[in-house]
Amino acid sequence: MSDELRQTAAALVAEGKGILAADESNGTMNKRLEAAGVEPEEENRRALRELLFTTDGAAEHNSGVILYDETFRQSTADGTPFPQLLRDQGVVPGIKVDTGAKPLAGAEGEKVTEGLDGLRERLAEYYEGGARFAKWRAVIAIDGDRLPSRYCIHVNAHALARYARLCQEAGIVPIVEPEVIMDGEHTIDRSEEVTSETLAAVFDELREQRVLLEGILLKPNMVLAGYDCPEQPDDQEVAERTLRTLRRHVPGAVPGIVFLSGGQSDEDATTRLNLMNQMGPQPWEVSFSYGRGLQAAALTTWHGERDKVPAAQAQYLHRARCTGAAPRGEYSEEMERELVAAS
């Protein structure tokens, strides 16, 4: 079992590849469809995922795809189940298993992620259906010096570790995602402090609960200033502070770090990832697990219209190529203009 976990984790951070996060809940995806002028219904959710998963050439840049439960059970128009479609392309199917962040009792303004009840049984079903990795997202909010509380950090770290151990028991690689939210006016100093405290707590719990570090991936936030902070760092500072924080807290046994985009623009998320990979070899692979950062342009181009599928797929492939160059440190602004020049 441990060999399978190691092999899957290594495959997910193969050189020049990253993970497409297509695990938006129905509610979240419906909001994005509506914003793009598309009717928010199951068929359109399915059609968008098919558009992405059937894009020729995307598998050269995507090692895995995280699915939502509904998507995991859906198929292409010709009847091919999505997990099988991905496997046939050499892409590892994954599954989101948490049930969302809920208000944390006794901690106003803070949340804890739920979904541990019945998780062992659900993981067995997902493994049977072809899933080989999973994701669980914890949400840590910053509000000046008031939040987060140690209580919130440690409750979420404990849940992440319980989830991770259950995944490994089922032969599934857990993506551990402790996201420090960048909404607010906090400085990059405060972001680094909270991210450090969060990662320290998470790895303490992972060790305590006997999680095989060689069989996980970490999906952290980059260290940014709050989006409403008047003093915004440049890309170089973001890359340097993020790597410094990770080196202090993430053991070298972890095979890979796959960043979330967290509301950054497509170009910002890619540029900062690229800079980190230009700063010399790290103890772990440094890649991506982006959702909006890969899908947004395709969705707005598609607009729910069948005749626009090729143009939307071209947008998605362009974004996948640009982002896939960043783990090799080979991304450039010139790449962003290639699609325009070709059209």
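The values are calculated or read from the model by the stated rules, or taken from the named source; none is laboratory data. Computed from a predicted structure; not experimentally measured. Neighbour counts are summed over all protein chains in view; Cβ atoms, including those assigned to glycine, are modelled from backbone coordinates with ideal geometry. Accessible surface is based on the protein model in full, side chains and every heavy atom, while ligands, DNA and RNA are left aside. Shrake-Rupley method; radii C 1.70, N 1.55, O 1.52, S 1.80 Å.
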Review point. Looking at (1) closer than 23 Å to residue 158 by Cβ; (2) of a type in the set (Gly, Ala, Ser); (3) touching a strand residue (DSSP E or B) at 6+ places or on another chain (Cβ under 6 Å), which is the one condition that is false for residue 115?
Key: (3)
Practice item. Take the residues in segment 86-99 that are surrounded by fewer than 19 Cβ atoms within 10 Å (Cβ to Cβ) and in contact with a helix residue (DSSP H, G or I) (Cβ under 9 Å, 6 or more places away or on another chain), then tell me which one is farthest from residue 8 (Cα to Cα). Key: 89
Study note, to complete from the structure: Counting only strands (runs of 3 or more DSSP E) entirely within segment 1-101, those with at least 2 residues that are over 17 Å from residue 298 (Cβ atoms) and touching a strand residue (DSSP E or B) at 6+ places or on another chain (Cβ under 9 Å) are 62-67, 92-96
Review point. Looking at 282, 295, 313, which one is touching a Leu at 6+ places or on another chain (Cβ under 8 Å), farther than 16 Å from residue 332 by Cα and at pLDDT below 95?
Key: 295
Point to revise | Residue selected from segment 102-126 under the condition touching a Cys at 6+ places or on another chain (Cβ under 7 Å) and part of a loop (DSSP other than H, G, I, E, B), by the criterion surrounded by the fewest Cβ atoms within 10 Å (Cβ to Cβ) | key: 107
Check your understanding: Out of all the residues in segment 193-217, which are of a type in the set (D, E, K, R) and outside any helix (DSSP H, G or I)?
Key -> 210
Check your understanding: Which pairs do you get when a residue that is more than 13 Å from residue 21 (Cβ to Cβ) and without any contact (Cβ under 8 Å) to a residue 12 or more places away in the chain, found in segment 85-96, comes within reach of a residue that is open to solvent by 30 Å² or more (accessible area, probe 1.4 Å) and in a loop (DSSP other than H, G, I, E, B), reach meaning Cβ atoms under 9 angstrom, with the pair 6+ apart or on two chains?
Key -> 88/80
Review point. Restricting attention to segment 134-176, which residues are part of a strand (DSSP E or B) and either touching a strand residue (DSSP E or B) at 6+ places or on another chain (Cβ under 9 Å) or farther than 16 Å from residue 198 by Cβ (or both)?
Key: 134, 135, 136, 137, 138, 139, 140, 147, 173, 174, 175, 176
Review point. Somewhere in segment 62-71, is a residue more than 27 Å from residue 159 (Cα to Cα), buried (at least 20 other Cβ atoms within 10 Å of the Cβ) and of a type outside the set (Val, Ile, Thr)?
Key: yes
